[in-house]
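S.K.: Just dropping this structure here.
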Amino acid sequence: MIEQRLQQKLRLLLVLPAVVVFAIAALAVTTARLPGVQPREGIFDVFARLAPRPASDTSSVALIDIDGESTSRLGPWPWPRSALARLVTAAEEAEAAAVVVTVPTEGPDPLSPEVLGRYWLTDARAGGEAARLIGRLPSTDTALAASASGVPTALGVAAEARPTRQAPSWQRSDVAAADWLRLAGDPAETVVALPAVQARGEVAPALRNAATPAVIGLPEDRDGRIRRTPLVWSLAGAPVPSAGFAPLVLIDPVDAAAARGRFRVGGPPLRALSTEGGVVPLDGRGEFRIWLPADLDLPSVPAWRVLEGGAQWRQSLRGRAVFIGQSVTPDALVSTPRGPLTAAALHAQLAEQLRTGAVLRRPAWSGAAEGFLALLLGALAVGAAIFLSPFVAGTLTFVLSAAVAAGAFFVFQGSGLLLDPLPPIFAMAGGQLAVFAMVVGNMLVRDDAVRGAFHGALPPATMERLQARGGAGLLRGTRREVTVLACALRLPDAVVRRFEGRPDDFVGFMASANDALRRTILSHQGTVDHAENGQLLAYWNVPETSAQHVEQACACALKMIDDVSTLSENVTTAALAGEASVDPGFAELAIEVGIASGPCFAGPVGIGARNRYAVLGEAVTLATRLRSRSGLYGPAIITDDVVFDTLRHHYAFLDLDVVKLSEKSGARSVHGLVGNPFLKASKSFRQLADAQRELLLSWKAGDLSGSLLQLQRLRALPGVPEAYVALFEERIAIARAAGDAWEPADILLV
């Protein structure tokens, strides 16, 4: 049956919320360790803005900024490395703790005497004395190396790092090649796997011997922002610190712990570093997350002030790690969650964060925790959407989402632990949206199957329940007490014969009249069914139960009488007005109605769009047969004894006959429903009802003389149908002819 198929489709639709919740949970687990995933990183950015890194009392870093004013005073950028050497020497004289040059220093200096000399020497064979003199000037690399020998210095290399969205290219590195890095554990194990970086050229031997190379490149996320960076890179097979990590390694050696359980290219990656600020954990890609403070301002001095402004401008450099960088080219600026910063400033902020030991942690179990919470809250939200009202379910999801987001923020604020609140929030919202899609899909399925088959046959309230959740059981087969109304429209044979040449007019009028009766049935909460020969059947107490189903059927039948009377009046009015399309014969339309009540089977009895709701049982047969005897008995509405016993004190009934459905069934009385309680109280009705009742009692008792007497009394009353009087005259005559052989049980079949 169609309802079974609908329930199967509904069960399939119920899979959708579970699939959505499980997919979100699985995505949370599988992407938990991937960097740069949006919108998770956006949430972490918000957390970092709301709870910035705690600021230290005194800053341990300072900036020497090669800005626009410095280039206008000292010369256009780029500067030769001898100019950088002067800045390093100035920082040394200011008693800086360390110096980090965040401009590239690998490869030959384009402004060095050697490079300029080689360029000029191409024309010097013709006697260029200037080229020879330039070639004899001191090397800028030598000058920078000499200045770097006086203070711990790191020189920038590899300005272009890989994007974070790309997997790191691991390289085998020997820790023994870096005197600033010590590997904990077995002394014989010195090989680790580090993220590889490629320099644009060779570092000059003089610079390599005097200073530590430091990677100034910062990997970007997909959105172009920098949120994390490796602290230790591999350059040409040797460990190299990041520029932000360089001040710590320049002062004291750093201990490193390798992740012995994981191996990359010939060795394990680093999992943690020990600095003066504490243990610094690294993620699976060897990276460390940058956490910016509320105040991004750092002690900064323009380069020209350092070189020409005197000792008072260098006081802010004393005892600090000094970062030398430029801000005159677009490449100097990098994008961060807090807006653009110079690369030197971002490295300085990283150094300050490492010194204070402020660490943001995202442990390996975070994805599993987020996935589990997504499953738990997603299931709760789906259950709420199914069993609670939409408003309550939506409110619950909103409150839980706010609580999850607030909880993740407070955990971040209290411990620096990064937990993503989005998977459980998305699971709750996605689960409820899937339930909504399930309901809409269920409605569409029902529109295609149920509404297509039962629209115009079931009461509007029942159709609304079928569209809603919880209404699926309405179309299940059932057996209960059902009140059945059978009705048919009848025209005199002479009128019907007039339409043999134009059947379309006849069929159209009968269809219009039947549709009016159908709407009346639906307005009285009845279910409409079609029978043979254009007849209508109506059922009450199915598919929805009703305590007043008998009264609803009788009220509907009386309204049908009024509908037919109104239709006849409209036809007569239209015919008198001269409308050619209206035949006056339609005014003779009559209706026949039979009503019976009893236990029946009910439910859909078709498939797909050919489905219909029907009732199977003795009451249907009796109602149909009673309708067919309406013209014989006289009243338009004929009911069985169940209907009469239920409403005899409220409606006007006439006792009409005693019938049997079959030879084996018992005798039953049938009655004519002729009006409402107002008619029941009238004198003429009481006289007619008394005469018919006495006639029927005498007939059932076998008193032929009494029956004849009551029949004569009945004939004298106005309004008694001649067919009804003739029926009993014939019966009495047959009984008299049978004589003693006649028994009251010889009742005709209905």
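The values are calculated or read from the model by the stated rules, or taken from the named source; none is laboratory data. Please read these numbers as outputs of a predicted model, since none were measured by experiment. Because the Cβ atoms are built from the backbone with ideal geometry, glycine has one as well, and the counts that use them run over all protein chains shown.
S.K.: Please pick out the residue among Phe426, Phe454, Phe409 that is under 31 Å from the mean Cα position of the chain (by Cα), surrounded by 14 or more Cβ atoms within 10 Å (Cβ to Cβ) and either under 23 Å from Pro604 (Cα atoms) or at pLDDT below 80 (or both).
M.R.: Phe454
S.K.: For region 556-581, what are the residues that are in contact with a His (Cβ under 8 Å, 6 or more places away or on another chain) and surrounded by fewer than 16 Cβ atoms within 10 Å (Cβ to Cβ)?
M.R.: Lys559
S.K.: Now, a different point. Can you name the residue in region 679-738 that is without any contact (Cβ under 8 Å) to a residue 60 or more places away in the chain and assigned to a loop (DSSP other than H, G, I, E, B) and, of all such residues, is nearest to Ser669 (Cα to Cα)?
M.R.: Going through the qualifying residues, I end up with Gly702.
S.K.: Continuing with this model, one more query. Can you name the condition, by its number, that Pro39 falls short on among (1) at pLDDT 85 or above; (2) surrounded by 14 or more Cβ atoms within 10 Å (Cβ to Cβ); (3) out of contact with any Lys or Arg (no Cβ under 7 Å at 6 or more places or on another chain)?
M.R.: (2)
S.K.: Can you tell me how many residues within region 312-343 are in contact with a helix residue (DSSP H, G or I) (Cβ under 8 Å, 6 or more places away or on another chain), of a type outside the set (D, E, K, R) and in contact (Cβ under 8 Å) with a residue 60 or more places away in the chain?
M.R.: 14
S.K.: With the condition kept exactly as written, say whether any residue in region 616-623 is closer than 30 Å to Glu569 by Cβ and either in the same structural domain as Val496 (by TED's automatic domain parsing) or touching an Asp or Glu at 6+ places or on another chain (Cβ under 9 Å) (or both).
M.R.: yes
S.K.: With a cut-off of at least 2 residues that are within 21 Å of Leu296 (Cβ to Cβ), name the helices (runs of 4 or more DSSP H) lying wholly within region 342-424.
M.R.: Output list reads 343-356, 390-415.
S.K.: In region 137-166, which residue that is in contact with a Lys or Arg (Cβ under 9 Å, 6 or more places away or on another chain) and part of a loop (DSSP other than H, G, I, E, B) is modelled with the highest pLDDT?
M.R.: It comes out as Ala158.
S.K.: Taking Gly224, is it part of a loop (DSSP other than H, G, I, E, B) and under 21 Å from Arg355 (Cα atoms)?
M.R.: For Gly224, the condition - part of a loop (DSSP other than H, G, I, E, B) and under 21 Å from Arg355 (Cα atoms) - is not met.
Residue by residue, here is whether (1) farther than 30 Å from Thr336 by Cβ; (2) buried (at least 19 other Cβ atoms within 10 Å of the Cβ); (3) at pLDDT below 90 holds:
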| position | (1), (2), (3) |
| --- | --- |
| Thr102 | no, yes, no |
| Glu106 | no, yes, no |
| Tyr119 | yes, no, yes |
| Arg125 | yes, no, yes |
| Gly135 | yes, no, yes |
| Pro168 | no, yes, yes |
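S.K.: May I pose another question? When only residues in region 475-497 that are over 22 Å from Thr639 (Cβ atoms) and touching an Asp or Glu at 6+ places or on another chain (Cβ under 7 Å) count, which is surrounded by the most Cβ atoms within 10 Å (Cβ to Cβ)?
M.R.: That would be Leu475.
S.K.: Which residue pairs have Cβ atoms under 7 Å apart, sit 6 or more places apart or on different chains, and have a first residue in region 589-602 that is farther than 16 Å from Ala557 by Cβ and a second that is in a strand (DSSP E or B) and hydroxyl-bearing (Ser, Thr, Tyr)?
M.R.: Matching pairs, first to second residue: Ala602/Thr478; Ala602/Tyr539.
S.K.: Closer than 21 Å to Glu160 by Cα, in the same structural domain as Val197 (by TED's automatic domain parsing), outside any helix (DSSP H, G or I) and charged (D, E, K, R): does that describe Arg285?
M.R.: yes
S.K.: Starting from region 20-34, keep only residues that are in contact (Cβ under 8 Å) with a residue 12 or more places away in the chain, then list their pairs with residues that are surrounded by fewer than 15 Cβ atoms within 10 Å (Cβ to Cβ) and assigned to a helix (DSSP H, G or I) whose Cβ atoms are within a distance under 8 Å, requiring at least 6 positions of separation or different chains.
M.R.: Close Cβ pairs satisfying both conditions: Val29/Ala368; Ala32/Ala368.
S.K.: Taking the conditions exactly as written (of a type outside the set (Gly, Ala, Ser), at pLDDT below 90 and under 22 Å from Thr229 (Cβ atoms)), does Pro54 satisfy them or not?
M.R.: Yes.
S.K.: Kindly indicate whether Leu250 is within 27 Å of Arg320 (Cβ to Cβ), at pLDDT 90 or above and surrounded by 15 or more Cβ atoms within 10 Å (Cβ to Cβ).
M.R.: For Leu250, the condition - within 27 Å of Arg320 (Cβ to Cβ), at pLDDT 90 or above and surrounded by 15 or more Cβ atoms within 10 Å (Cβ to Cβ) - is met.
S.K.: Same structure, new question: Could you grab me the full set of residues in region 208-234 that are crowded, with 24+ Cβ neighbours inside 10 Å and more than 30 Å from Arg338 (Cα to Cα)?
M.R.: Ala211 - this is the single residue of region 208-234 that is crowded, with 24+ Cβ neighbours inside 10 Å and more than 30 Å from Arg338 (Cα to Cα).
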